[in-house]
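Remarks on the structure that follows.
Derivation of every value follows stated rules applied to the coordinates shown; laboratory data play no part. Remember, predicted model here, so these are calculated numbers, not experimental data. For neighbour counting, all protein chains shown are included, and Cβ atoms are generated from backbone atoms with ideal geometry for every residue, glycine included.
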Amino acid sequence: MAGPYVLQLGDCTVACSYMLPHQRGEVRLQERLREAYSDPTICVGSEGLDGEATEDFLKRYDRTMKRYATLDLIIVRYGVNDRKRYGIAPFRSKLIELCDHLSRDYPQAKVLLETGIYVDYPAHYAFDRNSKLAPVYRMITDLAAERGYTVVDIFGRMQAETAAGNWDLRARGFGSVDEEQPVLGPGLDHIHGHDVRWFTNIHPNLWGLQVIVDEEVKVITHTWPGGLRATS
């Protein structure tokens, strides 16, 4: 019998397409969950896609999800593109629609909703993105409570890390990541670091991804200490 299968759904902060394959979130999460549960059969996959909002995934839902006959845990992280494209109320409706699809097609699977990236404004971000995203993440947390889902509060964890001095959690690159030569650390800060726009990038770097995965593992193992296998 195959081991428990965990599937991640989400936007660019899930896809991390600018990282090497072995560096990405699904690989790191799989390593950590196998270690935490002493279960080498756990598998983690990702359907994260750059630039995607919930409405985009709903359009490809059927053709994408038909690849997965059974799932044990589904992790959902959307919000950044949704807020920008159509606002919080429509995002809530689309997220409910997605959750309804998952409940219908994978009734035994656990569903986990996540908040998203916190930025170090004003020291290392050009505008107050947190004030725009915090209401989105409150909605996600409230919806999870309504549906009985678990939440991984990435926003809160990154805020706490930043307050403790661990602010370097995001890639560099004036708002976008160079796919050919991504800058994931301080290597060019001596050239561009005088310009706060150099840090104005919402994509996690390797340290940020490590923090995200650590929070995911902490919440998952606390919530389901007996293992990830879905039960009837």
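The table for this structure:
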item	result
Placed amide H near residue 10: partners under 5 Å, 5+ positions off or other chain	47, 48, 49, 77
Isotropically averaged projected area of the chain, using the convex hull of Cα atoms (one quarter of hull area), nm²	12.7
The chain: relative contact order as a whole-number percent, Cα under 8 Å and 6+ apart	23
Cα coordinate range in the stretch 98-170, projected on the principal axes (Å, largest first)	45, 20, 18
Theoretical gain in end-to-end length, residue 160 to residue 23 [0.36 nm per residue, Cα-Cα removed]	47.0 nm
In the stretch 45-79, the trypsin sites (Lys or Arg not before Pro) that fall in loop regions by DSSP, at most 11 other Cβ within 10 Å	66, 67
Helix 54-65 vs. the chain, principal-axis angle (Cα, 0 to 90°, nearest 10)	40
Cα-based Kirkwood hydrodynamic radius, the stretch 68-131, one decimal, Å	13.8
Gain upon complete extension [residue 174, residue 231; 0.36 nm per residue less C-alpha separation]	15.9 nm
Over 26 Å between alpha carbons, listed pairs 110/132; 66/94; 94/132; 59/218	110/132; 59/218
Low-density loop cleavage sites - chymotrypsin sites (Phe, Trp or Tyr not before Pro) in the stretch 159-232, where at most 15 other Cβ are within 10 Å (DSSP)	174
Net charge contributed by nearby residues that have their C-beta within less than 13 Å of residue 22 (K/R +1, D/E -1)	0
Reciprocal of mean inverse Cα separation for the stretch 1-70 (Kirkwood radius, Å)	13.1
Pairwise label distance in nanometres, residue 93 with residue 108, each label 7 Å out on the Cα-Cβ vector	3.5
Rg/Rg_globular for the stretch 131-228, with Rg_globular taken as 2.2 N^0.38 Å and Rg from C-alpha atoms	1.28
Net lengthening on full extension, residue 127/residue 214 (0.36 nm per residue, minus Cα-Cα)	28.6 nm
Computed over the stretch 1-116: relative contact order in percent, which uses C-alpha pairs under 8 Å that are six or more apart	33
Modelled FRET efficiency - R0 41 Å, residue 100 with residue 221, Cβ distances, 0.05 increments	0.90
Between the stretch 23-51 and the stretch 188-228, the alpha-carbon center distance in angstrom	15
Neighbourhood charge, 10 Å Cβ-Cβ cut-off, centred on residue 168 and excluding it, Lys, Arg +1 and Asp, Glu -1	-1
Residue-averaged 222 nm ellipticity for the chain, from DSSP H runs of 4+ at -39500 (n - 2.57), nearest 500	-14000 deg cm²/dmol
Of 54, 190, 81, farthest towards positive along the dipole that unit charges on Lys, Arg, Asp, Glu beta carbons give the chain	54
Inverse mean reciprocal Cα-Cα distance (Kirkwood Rh) of the stretch 149-190, Å	12.2
Net charge over other residues, Cβ less than 12 angstrom from the Cβ of residue 185 (K, R count +1; D, E count -1)	0
³J(HN,Hα) computed for each position of the stretch 127-144 - Karplus, 6.51 cos²θ - 1.76 cosθ + 1.60, integer Hz, glycine/proline x	8, 7, 6, 4, 5, 7, 8, 4, x, 4, 6, 5, 4, 4, 5, 5, 5, 4
Candidates per chymotrypsin sites (Phe, Trp or Tyr not before Pro) in the stretch 57-117, loop by DSSP, up to 16 other Cβ within 10 Å	68
Per-bin percent of Cα-Cα distances, the stretch 1-132 [5 Å]	2, 9, 18, 21, 20, 15, 9, 4, 2, 0, 0
